[in-house]
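The block underneath contains the structure these notes are about, expressed in structure tokens.
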Amino acid sequence: MIVGIEVGGTFTDLIAVGDDGAATIHKTPSTPDDPSRAAVLGLTELLARIGATGGDVTELLHGSTIAANALIQRRGANVALLTTVGFRDVLFIQRQDKSVVYDMFYQKPKPLLTRDRVFEIPERLSAGGAVVQPLDEAAAIDRIDRLVEEDGVDSIAVCLLHAYANPAHEQALGRLIADRHPDVYVTLSSDIAPEHREYERTSTTVISAFVRPVVDRYLSRFGDAAADAGVAHTPLIMLSNGGVAPVEAARRLAANMFLSGPAAAVTGAAATARALGAPNIISIDVGGTSSDVCLITGGAPDTTVKGTSEFSVEGLPLNIVMTDIVSIGAGGGSITWIDGGGMLQVGPQSAGAAPGPACYGQGGEDFCLTDAMLLMGLLDPRIELPGGIVLDPTLSRKAAAPLEAALDLTSSAVAERVFRIAAANMAQALRRVSVKRGYDPRDYALFPCGGAGALIATAVADEVDIDKVVVPPNPGVFSAVGLTVSDVRMDYVLAEGAQLASALTPGDLGDKLEGLRGRARAAFGALDYDADRLRFDFAVDARYRGQGYELRVPVDAAPLETEGQAYLARRFHEEHARQYGHAFDDRDVEAISFRLSAVFERGGAVTPVSADADPPPPGDRDVTMGGATLAYPVLARGALPGDFAGAGPALIVEESTSTLAPPGWRIAAGAAGVLTLTRGDAQ
Amino acid sequence: MTDATTITTPSAIDPADFNVLSGCFRSIAAEMSDIMLRAAYSSIVREAKDCSTCLMDAEARTVAQAEAIAVHMNSLAAAVPYFRERYDISKTRPDEMYITNNPYQNGQHLNDIIILMPVYQDDELVAFTGSICHHLELGGAVAGSNANATEVYQEGIILPSMKINEADLYDGPVESILRANCRLPDIVLGDFHAQLSAVMRGRTLMQDLVRRHGRKLVADCMRELQDYSERMLRQTIASLPDGEYRGEDVLDGRTLDSPQPTVRARVVIDGDEAFVDLTESDDQVSWPVNCPVASTHSAVMTVFGQIAGSGVPTNDGTYRPIKVETRKGSILDPKHPAPVRGRMGSAYRTASAVKRALGAVIPERLSASGNDATNIITMSRPNDDGYEMFAESVSGGNGAGRDNDGADVVAQMLSNTANTPVEALEMDHEFLRVERYEMIRDSGGAGEFRGGMGARRVYEILHDGVLLSTNGDRMMGGPWALEGGEEGNRSMFGLIRNGELIRLAAATNIPVEAGDRVVIEVSGGGGYGDPRARERDAVRRDVAEDRISAEAAKTIYGL
């Protein structure tokens, strides 16, 4: 039996997939003081519910927000940063620019360290990695000893100028620290993010040093608790890259855990898309306060791009391979308001889980997206939500009253407009991951998940002319589903400064790839994975000579190793033309970084929704769409035949959420337990 | 949250349509900006982001502008009257576009090329897309900013306001002339193509939008978004007390001991409208700090835009409630052919003078002055292929506000230029190494809230034959404070040669050689309130973090 445990802010979601493929889902309230408690409690509850024991669990997969929480709450290690003399202020100067232009009182993202926690070490390298000033080891020893012995520092970040080109000085410092203070965590920039641009690299190194002890302790506790619950196998932990790693490896990869939760849903989406043979999808995970959107092309989710805001956590750059998830403030709790210029707005402020939308009856007085969906008839007030919440439409109507007066519209007309604006806001996030990156959203299917995703998906699709929506099984707990189908994955990068592609022979290129492969084989081998079964995905970050930002160009190993730079240049021109609309075929191409994703496929599969224990109340529901109220048939998803085909209007209800099929959309059950909604006569 | 009882939507447009289309206009402008930044070649564009993009209606009035560089606010629309003088823009053909960099036809300075492209849908002109971009080098007397120019002719090639055809680009005459007149044609043309990519992408996106929603609804929403911004600006101005307020600020002199030109602003607030009279400012000067009138206007608007806050889209409506008057022949409205390359100094003094005028009545809604200057360092060196060159902007601290210390080392109010990573700079240019890049102790003006700290950047020159060009301000006076705070420190540009420090004027061209060190110190921001009222713990933290000296803590803060 495979079990996925996904810890969210409000609820911890679990899913168990039996050897027969039957899935059981479960939700339990999260325990933010120690999230591993709810995780293990939930596991015990789930096992009891299906009459199993810890010994029946063959694989346990876990996604957790522990790293993100430690950062947001600034509860991390006592960190000191060692850096090159003359550069103590890199973390405070940052890139000097502002994220908001017209703000007289602008404040920069707050660094994790204060200025008195940064220490300059005499040393200097050139851009080519040559030693300009040797490392002053005596000065370094003196500083390190005082930091540990007098200041109680338990985690040291080291980021020296140009260390990506030559890690020798950083490694020497790392050895000094390890020899003298073996209990202190050491994070070297040349290990974690060996690429040029000192602010981004320093920030990455410090973030990692800051969360590492917290993540390490948490994972160690979780591993022990799982063992106590009778699980004999090593748990696998979700990473930001969308893969999992065994708990002992994940403990060293703390900076790779920031998207541990959201990446799981994307991974599940990608696996489902591949299983369907429809590999181009855009996933949208609609939660209570935000929506997470990710572009998946050819079955592979995009990873973050330098120079974008997704390349950071809490405004602080993080140069780690992360699933490229655009998160916007649009969710069920998004609040409706009219701004100073008279524009009707929805979000980004949210009523969250407490007090929540007005209809929750927990004291919230703002009209939220959930209220709008309730008044439109999309939610059934007779069905209790987890946590015992009962939706009350009279409270929604009361919250809508001031908007009705201001806009001279009825409450259901207000609700429809709120629904459309929320959908348009989500559509803007879709445009950011597609149009902005040079992809046309019309070439993709929309893949909704999260509590409200499948209710608003067709409206979002309308805004960007997408004509197919693929609803996975169990969309309400899809992050947990995603865990069960994720593969073991670790990423490697080799960067030695800018190298003119024309100067690289096929042999040079082959050596670089082989070096990366060797690192992956060694790491997986040490974790008892069969290194011969690894899949290697390569990419090269390249640019035209003279350009500032590099593009990530996926490459195949074989032509790179035989054709060499001609192939690399060709692939780069193609990628440049796709993203920017033009290429300069006669210009020199520079390679900056060589990347490898090494994947061990676990062979998981998304399983269909089980027949409901409690089928929905039969009969129709009145739904208001496009100014008209119609009786929508309500169908139980678990009871639909495998070859089901029908047409909207309909509401398809399952344990974790519902799917809306408006008039004009066709409905079909598909492989991997999905429901496919297709607009009009589109294919 | 819902302030619905007092405000109603005054138009007949469906509120959802208005919201959705407004979001699309803004995202089109932003997407154009993304394309330009990512496709650009020069570090001044790709790292320092010295470029802007906008979407305009069929009359070439701004609808949405990407939030990029404040001094570019409405700069594209400002150039339109000069196009109209020569052409009937309603008859622009789909393959035509407009171009200018002429400061005397409402351009900015010569480095900034403006491109406007028409958007057609079903044979009807529905919109324009525009971009403006600072080019690293457009010819002129020296490889860098010409500190000694006495006429605009010496500052680079002038592209008069003209209509061109797509065939004039690429191998056509316009690009050929550009290529022949600049020292770094590949970089300049690379950035120029990034500009073209941006306006073309904007055109495609706009055509999609019109196809989806129809011409009428799109046009209605464009007009409504302009009216919306106007309403927001009028509300902001109405919230200021009526009256007449005066403020002034001074520029550095031509040299460190010559007279300093003064910018004077008389600001009249009358209900929901503002009148800004700049006619009493000093006469134009012989060196390149004259401000083309379009830049002067943008500087004034930026102050009001900042008071309104970041929620207000910048467009044609933003400008309607504000009138600006300048005097031809003054430093803020020079007569042709006065040089204008270093206009940012006088543009900043304009914004600073307006802000200071309002500081007398609403200090609590303003921040003290920041470094308020653009400090551009350019270094160039001839090589086998022609030239190699870089330009970068070093920022100082922001002024403090009623409730906040000023941000340290941050792009100032008229710009949003990022720094160039030291590692990127050294990777691309072997003739220099950056020795220090740090914040300066005691540079932030003291106060109950302290000014942000200024920056020091020291370059070690590794090869002979490098030309250094500087462009800056605030060497001769520090940023002003509010409510009893103290001024920020002064900027200092210097050259250390044979162990001796030579101080440089704000605008300088000087050859440097191996072994020289170029020291750029940029001022911190002004303080807000009495330093002795600063929280004692905050003073102690500042000492612990080496932001202020123990001596300053004692003598100025009274610790």
Of everything in the stretch A:622-633, what is open to solvent by 30 Å² or more (accessible area, probe 1.4 Å) and part of a strand (DSSP E or B)? Give them in sequence order. A:Asp622, A:Met625, A:Ala628, A:Thr629, A:Leu630, A:Ala631, A:Pro633
Which one of these does A:Ile383 not meet: (1) closer than 27 Å to A:Ile325 by Cα; (2) open to solvent by 20 Å² or more (accessible area, probe 1.4 Å); (3) of a type in the set (A, V, I, L, M, F, W, C)? (1)
Those strands (runs of 3 or more DSSP E) completely within the stretch A:280-341 that have 1 or more residues that are among the aromatic types (Phe, Trp, Tyr) are A:334-338
Restricting attention to the stretch B:528-550, the residues that are more than 10 Å from every other protein chain (Cβ to nearest Cβ), among the aliphatic types (A, V, I, L, M) and either touching a helix residue (DSSP H, G or I) at 6+ places or on another chain (Cβ under 7 Å) or in a loop (DSSP other than H, G, I, E, B) (or both) number exactly 3
Failed item in (1) within 14 Å of chain B (Cβ to nearest Cβ); (2) touching a helix residue (DSSP H, G or I) at 6+ places or on another chain (Cβ under 6 Å); (3) at pLDDT 95 or above, with A:His196 passing the rest: (3)
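Can you tell me which residue in the stretch B:430-455 is surrounded by the most Cβ atoms within 10 Å (Cβ to Cβ), limited to those that are assigned to a strand (DSSP E or B) and within 9 Å of chain A (Cβ to nearest Cβ)?
In this case the residue turns out to be B:Ala455.
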Any chance the stretch A:148-157 includes a residue that's β-branched (Val, Ile, Thr), within 22 Å of A:Leu253 (Cβ to Cβ) and touching a strand residue (DSSP E or B) at 6+ places or on another chain (Cβ under 6 Å)? yes
Enumeration of residues in the stretch A:645-667 that are open to solvent by 40 Å² or more (accessible area, probe 1.4 Å) and either over 32 Å from the mean Cα position of the chain (by Cα) or over 21 Å from A:Asp380 (Cβ atoms) (or both): A:Ala645, A:Ala647, A:Pro663, A:Gly664, A:Arg666
In the stretch A:515-541, which residues are part of a helix (DSSP H, G or I) and surrounded by 13 or more Cβ atoms within 10 Å (Cβ to Cβ)? A:Gly515, A:Leu516, A:Arg517, A:Arg519, A:Ala520, A:Arg521, A:Ala523, A:Phe524, A:Gly525, A:Ala531
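Quick check, is B:Gly515 more than 14 Å from every other protein chain (Cβ to nearest Cβ) and touching a Lys or Arg at 6+ places or on another chain (Cβ under 9 Å)?
It is true that B:Gly515 is more than 14 Å from every other protein chain (Cβ to nearest Cβ) and touching a Lys or Arg at 6+ places or on another chain (Cβ under 9 Å).
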Please work out which residue is farthest from the other protein chains (Cβ to nearest Cβ), limiting yourself to the stretch A:63-113 and to residues that are touching a Ser or Thr at 6+ places or on another chain (Cβ under 6 Å) and of a type in the set (Ser, Thr, Tyr). A:Ser64
So for the stretch B:145-163 (the condition being polar (S, T, N, Q) and over 30 Å from B:Ala505 (Cα atoms)), does at least one residue qualify? yes
May I ask you to verify whether A:Ala558 is free of Cβ contacts under 8 Å to residues at least 60 places away in the same chain, away from chain B (no Cβ under 14 Å) and either farther than 22 Å from A:Ser190 by Cα or open to solvent by 40 Å² or more (accessible area, probe 1.4 Å) (or both)? yes
Can you tell me which residue in the stretch B:508-532 is nearest to B:Asp442 (Cα to Cα), limited to those that are open to solvent by less than 50 Å² (accessible area, probe 1.4 Å) and acidic (Asp, Glu)? B:Glu521
Across the stretch B:156-200, the tally of residues that are open to solvent by 20 Å² or more (accessible area, probe 1.4 Å), at pLDDT 95 or above and either assigned to a loop (DSSP other than H, G, I, E, B) or over 29 Å from B:Asp95 (Cβ atoms) (or both) stands at 3
For B:Asp249, which of the numbered conditions (1) surrounded by 24 or more Cβ atoms within 10 Å (Cβ to Cβ); (2) within 13 Å of chain A (Cβ to nearest Cβ) fails to hold? (2)
Please pick out the residue among A:Ile320, A:Ile325 that is in contact with a Cys (Cβ under 6 Å, 6 or more places away or on another chain) and open to solvent by 10 Å² or more (accessible area, probe 1.4 Å). A:Ile325
Identify the single condition in (1) of a type outside the set (D, E, K, R); (2) over 26 Å from B:Asp442 (Cα atoms); (3) out of contact with any Ser or Thr (no Cβ under 9 Å at 6 or more places or on another chain) that B:Ser346 does not satisfy, given that it satisfies every other one. (3)
For the stretch B:263-369, give me every one of the helices (runs of 4 or more DSSP H) that falls completely inside it and has 1 or more residues that are among the hydrophobic types (A, V, I, L, M, F, W, C) and touching a Gly at 6+ places or on another chain (Cβ under 8 Å). B:293-308, B:343-359
Looking across the stretch A:572-590 at residues that are surrounded by fewer than 17 Cβ atoms within 10 Å (Cβ to Cβ) and assigned to a helix (DSSP H, G or I), the single one that is modelled with the lowest pLDDT is A:Arg578
Set A:Val85, A:Val57, A:Val17: member being within 30 Å of A:His162 (Cβ to Cβ) and surrounded by fewer than 24 Cβ atoms within 10 Å (Cβ to Cβ): A:Val85
List pairs: first residue in the stretch B:412-429 and under 12 Å from A:Ser126 (Cα atoms) and more than 7 Å from chain A (Cβ to nearest Cβ), second residue among the hydrophobic types (A, V, I, L, M, F, W, C) and outside any loop (DSSP other than H, G, I, E, B) anywhere in the structure, Cβ distance under 6 angstrom, at least six positions apart or on different chains. B:His429/B:Phe390
Of the conditions (1) in a helix (DSSP H, G or I); (2) over 33 Å from the mean Cα position of the chain (by Cα), A:Pro182 clears all except one; give me its number. (1)
Does the stretch A:425-432 include one or more residues that are of a type outside the set (Gly, Ala, Ser), open to solvent by 10 Å² or more (accessible area, probe 1.4 Å), over 17 Å from A:Ser658 (Cβ atoms) and not in a helix (DSSP H, G or I)? no
For the stretch A:329-340, enumerate the residues that are more than 20 Å from A:Leu391 (Cβ to Cβ), within 11 Å of chain B (Cβ to nearest Cβ) and in contact with a Gly (Cβ under 8 Å, 6 or more places away or on another chain). A:Asp339, A:Gly340
Filter result for B:Arg211 (touching a residue at least 40 places away in the same chain (Cβ under 8 Å), farther than 30 Å from B:Val289 by Cβ, more than 14 Å from chain A (Cβ to nearest Cβ) and open to solvent by 70 Å² or more (accessible area, probe 1.4 Å)): no
Would you check if there is a residue in the stretch B:380-400 being open to solvent by less than 10 Å² (accessible area, probe 1.4 Å) and closer than 16 Å to B:Gly484 by Cα? yes
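The values are calculated or read from the model by the stated rules, or taken from the named source; none is laboratory data. All figures in this text were calculated on a predicted structure; none of them were measured in a lab. Note: ideal-geometry Cβ built from the backbone for every residue, glycine included; neighbour counts use all protein chains shown. Ligands, DNA and RNA are stripped out before the accessible areas are found, and what is left, the full protein with its side chains, is counted by its heavy atoms. Shrake-Rupley method; radii C 1.70, N 1.55, O 1.52, S 1.80 Å.
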